[in-house]
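The values are calculated or read from the model by the stated rules, or taken from the named source; none is laboratory data. Predicted, not measured: the structure shown is a model, and the values here were computed from it. Neighbour counts run over all protein chains shown; Cβ positions are idealised from the backbone, glycine included. Surface areas here come from the heavy atoms of the whole protein model, side chains and all, with no ligands, DNA or RNA. Shrake-Rupley method; radii C 1.70, N 1.55, O 1.52, S 1.80 Å.
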Amino acid sequence: MADIATTGSSGKVVIKNIGLLLSGDIDQPILQADTIVVDNGLITAVGREKDCDLEGAQTVIDARQTCVCPGLIDSHVHPVFGDWTPRQNQIGWIDSTMNGGVTTMVSAGEVHLPGRPKDIVGLKALAITAQRAFDNFRPGGVKVIAGAPIIEKGMTEQDFKELAEAGVSLLGEVGLGSVKAGYEAKEMVAWARKYGIQSTIHTGGPSIPGSGMIDKDVVLEADADVIGHINGGHTSLPEAHVCELCEKSSRAIEIVHNGNERVAIAAAKAALELKCPHRVILGTDGPAGSGVQPLGMLRMVALLSSLANIPAELVFCFATGNTARIRNLNCGLIEVGRAADFVFMDRAQHTAGKTLLESVQLGDIPGVGMVMIDGIVRCGRSRNTPPAEEIPVVLSGH
């Protein structure tokens, strides 16, 4: 297993001849620009080529009129260690997902670890270890924000303080452990929030042994920061209850691949009707019993765009900028100072859509021609997506 360095500099990178620049910002999803300049892994300029400083670039990329989009952020994954998942005994799933345009993943708990400790000392130790391990090791260059403890009965405020001080910034899905009552969850979620730890709650029927049914009333009472897989993971609450959660809660509405697709569409539509599309974020909820979905994020974009009839450029924001803002990540948006994490896409060969956005609106996923993380090219033409009509070319550098 190749160890991808977490350090090192991209130097100055110029990306020019961009045909479509998706911003990730739901208030302005398309930018009128054709050039991005990067230095040391961060965006330093976005605009027209004639207005940008291109001198001294170590790497120049000709986008060849393809689309550049912020790297996709999978808001809901269940990693364990390295690029292996014991749930499906599969190696290389993170690198494979990077080939689907994902550059950042957020753990909802390392629940698939065989013999996962459920005592308080053990669960804290696992969370800290996972946080440290993925901070030091990035399969395919992907940024895996891990170390998300599953809360159990008996935890005290001091436990959350210790976790935060050790660098843990997430809670695993509330409801996967012994804490399932709304009043218990509410207290622990509040402790986590006090110390800067973001929380996600399981929504719907049980997924793995030990998890339980979490209904709308528990979700509302617990008031976690993210309504995890609002469309079920796997089994959904009734559609009316999901729409009620969208209306009565102000928290993030997370829609996942490994859930009920009909309810996914209903939740997205409800968010638009309630005029809060900025709350919608996307994830896969994999690896899971459904397996690993390297193209799960792209499939979610195509699903919601085509069947919920939401403009594709807005749905790409669900998968990028919305998640970055809700998860407090320095990526997901094409703006100066943000991480240079990009996916280069074009319409898939032989799609009925005449443009990339039209093809997605018709339900086809795009072809990925290149993925860049921190200004460094991590893959060229994707081994997993359908072949793109056109792919970017590296004119100089590596």
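Results, tabulated for the structure shown:
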read-out	value
The range 252-313 and the range 336-389: distance between their alpha carbon centers, rounded to Å	18 Å
Burial order of peptide ranges 179-190, 100-111 (average beta-carbon count within 10 Å, highest first)	100-111, 179-190
Whole-number D in µm²/s for the range 184-274 (Stokes-Einstein; Kirkwood sum over Cα pairs; 25 °C, 0.890 mPa s)	188 µm²/s
For ARG325, solvent-accessible area (1.4 Å; no DNA, RNA or ligand), Å²	110 Å²
The chain, accessible surface, carbon-and-sulfur percent (1.4 angstrom probe)	50 percent
Angstrom value of the Kirkwood radius, inverse mean 1/r, which spans all Cα pairs in the range 24-66	11.7 Å
Cα-Cα pairs of the chain separated by more than 29 Å (percent)	40 percent
Computed helical MRE - 222 nm, the chain, DSSP H runs ≥ 4 contributing -39500 (n - 2.57), nearest 500	-8000 deg cm²/dmol
GNM top mover of ARG116, ARG193, ARG327 - the chain, alpha-carbon springs below 10 Å	ARG116
Overall dimensions of the range 22-110 as given by Cα atoms, namely Rg and Dmax in Å	17.2, 51
Accessible area (Å², per residue) of the range 1-103, counting only protein heavy atoms and a probe of 1.4 Å	40 Å²
Derived scalar couplings ³J(HN,Hα) [the range 373-386; Karplus, 6.51 cos²θ - 1.76 cosθ + 1.60; whole Hz; x for Gly, Pro]	10, 6, x, 10, 5, 9, 7, x, 4, 5, 7, 10, 7, x
The range 310-372, Cα convex hull volume normalised per residue, Å³	83 Å³
Choice from CYS276, CYS379, CYS331 with maximal GNM fluctuation in the chain (Cα, 10 Å cutoff)	CYS276
